[in-house]
Amino acid sequence: MNRKAEILLVDDDPDILDSLRIILEANGHGVRTAANGREARKALSERMPDLLILDIMMNSDTEGFDLAFELRDNPDYKQLPIILLTSFLDKVRAEGPGPFEFILGQQWPAHWLFEKPVDAERLLAKIDAILREA
């Protein structure tokens, strides 16, 4: 049986926070939530989760992306698995890559990316795979 995780879920959309929290808790995971990068930093400083699920676009188009880079470069969080959630790719498709070249040209700060709306079964399967590796 797979180990259940404590997950920090960060998204500025309360509907996404609520729906994903319900799905994750129904599958036995503990969930804490944050609505932005500032709240996420506070939650991370209080207690390290097993996994971070992080929206890319919150107060800015790159707030979550910036936080993921910050965590990746911090030795205290280097081993924290991060799943990025995004509608970012839709925005790039709609607006073109020009405004986002500085992001698209970089190595992304997380190994996993899920586009919204999130396929719950795929997300749960990925979480289980990550926990098996931990």
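Take the stretch 1-19 and flag every residue that is open to solvent by 10 Å² or more (accessible area, probe 1.4 Å), of a type outside the set (Gly, Ala, Ser) and touching a helix residue (DSSP H, G or I) at 6+ places or on another chain (Cβ under 9 Å).
Selection gives Asn2, Arg3, Lys4, Asp12.
With the structure loaded, tell me whether Ser45 is over 19 Å from Phe114 (Cβ atoms) and at pLDDT below 90 or whether it fails that test.
Answer is no for this residue.
All but one of (1) open to solvent by 40 Å² or more (accessible area, probe 1.4 Å); (2) in contact (Cβ under 8 Å) with a residue 12 or more places away in the chain; (3) over 22 Å from Trp108 (Cα atoms) hold for Arg41; state the number of the condition that does not hold.
(3)
Give the number of residues within the stretch 97-134 that are in a loop (DSSP other than H, G, I, E, B) and either modelled with pLDDT of 95 or more or not polar (S, T, N, Q) (or both).
Total satisfying the criteria: 11.
The values are calculated or read from the model by the stated rules, or taken from the named source; none is laboratory data. No experiment lies behind these values; they were computed from the predicted model shown. Ideal geometry is used to build each Cβ from the backbone, glycine not excepted, and the neighbour counts take in all protein chains shown. Only protein heavy atoms, including side chains, enter the accessible area calculation; ligands, DNA and RNA are left aside. Shrake-Rupley method; radii C 1.70, N 1.55, O 1.52, S 1.80 Å.
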